[in-house]
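Here the structure is laid out as structure tokens; the discussion comes afterwards.
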Amino acid sequence: MRVLLTGGSGFIGSHIALLLLERGIDVVILDSFTNSSPNVINRINTYLDNKYLKYKLEIINGDIRDKKTLDKIFFDSIKAHKSIDIVIHLAGLKSVSESVVNPLLYWDVNVLGTLNLLLSMKEYECFSLVFSSSATIYGLSDLVPMAEDHNISPINPYGKTKVAIESMFYDLCNSNINLWKICSLRYFNPVGAHPSGLIGEDPIGIPNNLFPFLTQVAIGRQKTLKIFGDDWDTEDGSGIRDYIHIIDLAEGHLASIDYLNSIDSCLEFINLGSGKGYSVFQIINQFESSTGCQIPFSIESRRDGDVAKCYADISKAKTLLGWSPKRSLEEICLDGWNWQMKNPNGYS
Ligand code: NAD
Ligand code: UDP
């Protein structure tokens, strides 16, 4: 099997690439490296056998907005009798705050990029796709746990692009119900790192998200963790989220591929989360007890656009994909800390 993995050098993509390669699947990574380091590829090479990888992993430095690049990947693959069987599409921009400041960039990269990809796939008759959607499409609601039929109401341009892409899938599959096979995976909060400590999350600049900020406080790159509100309607007053180990999330993609290979056509929207909610204080406590680090924190006012509680109902992923998350919050903390300790400055 041969998989085109767009955004394959990013946080989530690099972990999926490792798992695919470990399974003996050929991988073509297409990435513009706008939000990732080429060093990721060296790390993947280090983890797996280089000689073996030479034949299994191909890297293309390109932009999903450039249709010629996409066409060439499909064309060359067919010419070499190694056609692409499935696309896992992760390339895109993901910063909520940046999307508010520069919405057109988000519509361009995320929506037009995906449209380009679908056009190329259609042209070269590759009809299987796994897509990286997001729980952010559920908007300002804390009716938990959230199942896939939860109301869709994104509150920022980033979330709106994900909804637009899902609508495109809907129309496409409706136009020919027997052709396309699409799993749109709605991620909750992927965190942690590969247990080897070779790959992990390396946000550019000051992290927006709790987990990478916390590990950077632990390593001394940030001074104090700001807790955005201790007056939420939750047991300890801090916000509750669904943190899923990055390897569990990556395994969800392999399960999706198996599912797509087992059926004739489909369009499925599927939550990928741990199915459990943890508060900010619980995350800090678990991190401190697992790693022995102390996390200085201050209580700040609530962050715009936050909700009290957000966690997934993952029944659909369990029944349809036969997948379930296996790793605990302790493993998340230990693997995340292992990565941060071994790479205090990320990939640089
Ligand atoms: P990431 O930024 O680490 O990875 C995205 C990759 O896409 C990067 O390597 C980047 O260089 C590449 N890229 C960006 N624009 C591109 C373009 N025009 N052409 C080709 N490559 C391009 O992000 P991630 O956390 O790995 O997220 C991957 C996907 O999952 C994104 O689509 C994101 O919206 C989605 N997602 C992420 C989260 C999360 O919390 N990390 C949650 C929900 C959904
Ligand atoms: N949070 C926090 N301090 C930070 C970053 C996040 O207190 O520096 C809180 C945030 O208010 C939310 C939780 O941690 O309750 C998870 O935030 P994150 O940005 O990681 O995920 P998201 O809110 O996008 O699901």
- request: Within segment 74-98, count every residue that is part of a helix (DSSP H, G or I) and within 23 Å of the chain's Cα centre (by Cα).
  value: 3
query: Quick one: which of Lys160, Lys122 is part of a helix (DSSP H, G or I) and surrounded by 18 or more Cβ atoms within 10 Å (Cβ to Cβ)?
result: Lys160
- request: Could you please find all residues in segment 261-281 being open to solvent by 20 Å² or more (accessible area, probe 1.4 Å), out of contact with any helix residue (DSSP H, G or I) (no Cβ under 8 Å at 6 or more places or on another chain) and not in a loop (DSSP other than H, G, I, E, B)?
  value: Asn261, Ser262, Phe281
query: For segment 138-166, how many residues are over 16 Å from Leu93 (Cα atoms), hydroxyl-bearing (Ser, Thr, Tyr) and touching a helix residue (DSSP H, G or I) at 6+ places or on another chain (Cβ under 9 Å)?
result: 2
query: On the given criteria, is Asn151 more than 17 Å from the chain's Cα centre (by Cα), over 30 Å from Gly292 (Cα atoms) and away from ligand 2 (no atom under 13 Å from the Cβ)?
result: yes
- prompt: In this structure, is Ile137 more than 30 Å from Thr234 (Cα to Cα) and either at pLDDT 95 or above or among the basic types (Lys, Arg) (or both)?
  reply: no
message: Testing Gly7 on (1) at positive phi; (2) surrounded by fewer than 21 Cβ atoms within 10 Å (Cβ to Cβ), one condition comes back false. Which one is that?
response: (2)
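Every residue, every condition in (1) within 16 Å of ligand 2 (Cβ to nearest atom); (2) farther than 28 Å from Leu143 by Cβ, yes or no:
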{"position": "Ile284", "(1), (2)": "yes, no"}
{"position": "Ser289", "(1), (2)": "no, yes"}
{"position": "Gly292", "(1), (2)": "no, yes"}
{"position": "Ile295", "(1), (2)": "yes, yes"}
{"position": "Lys309", "(1), (2)": "yes, no"}
{"position": "Lys316", "(1), (2)": "no, no"}
{"position": "Ser328", "(1), (2)": "no, no"}
field: Top-ranked residue of segment 228-257 - restricted to ones that are among the charged types (D, E, K, R) and assigned to a helix (DSSP H, G or I), ranked as most open to solvent (accessible area, probe 1.4 Å)
entry: Glu251
query: How many residues are within 16 Å of ligand 1 (Cβ to nearest atom) and open to solvent by 20 Å² or more (accessible area, probe 1.4 Å) if we restrict to segment 42-60?
result: 6
task: Would you check which residues across segment 289-310 are outside any loop (DSSP other than H, G, I, E, B) and in contact with a helix residue (DSSP H, G or I) (Cβ under 9 Å, 6 or more places away or on another chain) and list them?
output: Ser289, Ser290, Thr291, Phe297
query: Just checking, which of Ile88, Ile78 is away from ligand 2 (no atom under 16 Å from the Cβ), more than 19 Å from Ile199 (Cβ to Cβ) and not basic (Lys, Arg)?
result: Ile78
Selection count, segment 142-151, where residues are assigned to a loop (DSSP other than H, G, I, E, B) and surrounded by 16 or more Cβ atoms within 10 Å (Cβ to Cβ): 5
statement: The residue from Gly239, Gly229, Gly252, Gly200 that alone is more than 16 Å from ligand 1 (Cβ to nearest atom) and at pLDDT 95 or above is Gly229
message: What are the pairs with Cβ atoms under 6 angstrom where one residue, in segment 3-15, is away from ligand 2 (no atom under 16 Å from the Cβ) and the other, located anywhere, is open to solvent by 10 Å² or more (accessible area, probe 1.4 Å) and among the acidic types (Asp, Glu)? Sequence gap at least six, or different chains.
response: Gly7/Asp31; Gly8/Asp31; Ser9/Asp31
query: Can you name the residue in segment 79-119 that is of a type in the set (D, E, K, R) and in contact with a strand residue (DSSP E or B) (Cβ under 9 Å, 6 or more places away or on another chain) and, of all such residues, is most open to solvent (accessible area, probe 1.4 Å)?
result: Lys94
field: Of residues in segment 171-201 being open to solvent by 50 Å² or more (accessible area, probe 1.4 Å) and of a type outside the set (A, V, I, L, M), the one farthest from ligand 2 (Cβ to nearest atom)
entry: Asn178
message: I'd like to check something: does segment 203-222 contain any residue that is of a type outside the set (D, E, K, R) and in contact with a Lys or Arg (Cβ under 6 Å, 6 or more places away or on another chain)?
response: no
query: Identify, please: which residue in segment 299-341 is touching a Lys or Arg at 6+ places or on another chain (Cβ under 6 Å) and open to solvent by 30 Å² or more (accessible area, probe 1.4 Å) and is, among those, farthest from Asn151 (Cα to Cα)?
result: Glu300
task: Residue by residue through segment 1-58, note down the ones that are aromatic (Phe, Trp, Tyr) and either under 15 Å from Ala193 (Cα atoms) or in a loop (DSSP other than H, G, I, E, B) (or both).
output: Phe11, Phe33, Tyr47
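The values are calculated or read from the model by the stated rules, or taken from the named source; none is laboratory data. All values reported here derive from a predicted model rather than from experimental measurement. When we count neighbours, we look across all protein chains shown, and the Cβ atoms used for this are built from the backbone with ideal geometry, even at glycine. Just so you know, the surface numbers come from the protein's heavy atoms only, side chains and all, with ligands and any DNA or RNA stripped out. Shrake-Rupley method; radii C 1.70, N 1.55, O 1.52, S 1.80 Å.
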